[in-house]
Amino acid sequence: MIETPRLRLRPHRLEDFEAWYAMFSDRELFRFIAAPQLSREDGWNRLLRYAGHWSLLGYGMFAVFDKASGAFIGDVGFADFHRGLGERFDEIPEASWIMARAAQGRGLAAEAVAASHDWIDRAHAPARSVCLINPDNAASLRLANRFGYRAFGSCVYKDARCMMLERLAP
């Protein structure tokens, strides 16, 4: 578990499913993300995939909770999604973040992303990490830039234009 002044981050647990699935069912939240509407079965399988990252790779996505309320408010962390985007992207820890709309606009995403990056830098020291962002997602691009991500390519992923960004080890 990681604690910041306002947040708790930890690997997902089965009891997180309902709150997590509610966030993933908010289609407005996904206006810039090429993700299908998940059935409950698909959502359950994705949550299990998150747990599998931790057991097989030693890193993964963190469930993010507001310390004051205890509410689940998002996901941040790293994954290997095997997107098929080439050797400069695949098999490199891919940073990912998404925060429930109710948690946006308060700097919580930056706090959570900082904590997850500090953790992976200490625990795994990857030479680089990558992320995939829709070029119209200005807020996510600002966050990526704040943590040192720079564009190195573009692609179409699941019929959506995306920028491929990388962050070299600090």
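Rule-based calculations on the coordinates, nothing more; no lab input. None of the values given here were measured: they were computed from a predicted structure. Here the Cβ is made from the backbone with ideal geometry for all residues, glycine too, and neighbour counts use every protein chain on show.
The equivalent ellipsoid that matches the C-alpha gyration tensor of the stretch 57-100 spans semi-axes of 27, 10, 6 angstrom, in descending order. Under the simplified labelling scheme, the GLU18-ALA110 pair shows an inter-label distance of 3.4 nm, with each label point 7 Å from Cα along Cα→Cβ.
Subtracting the Cα-Cα distance of LEU38 and ARG88 from their residue separation scaled by 0.36 nm leaves 15.1 nm. With a Förster radius of 30 Å applied to the beta-carbon distance between ARG27 and ARG49, the computed FRET efficiency rounds to 0.90.
For a modelled paramagnetic label at TYR157, 7 Å from Cα along Cα-to-Cβ, the residues of the stretch 20-61 in reach, with backbone nitrogen under 14 Å, are 32-36. Taken as entire DSSP H runs, the helices of the chain that both span 18 Å or more between Cα atoms along their own long axis and average -1.0 or more on the Kyte-Doolittle scale are 40-57, 108-123.
Each label point was placed 7 Å from the Cα along the Cα-to-Cβ direction; for GLU3 and ASP121 their separation is 2.2 nm.
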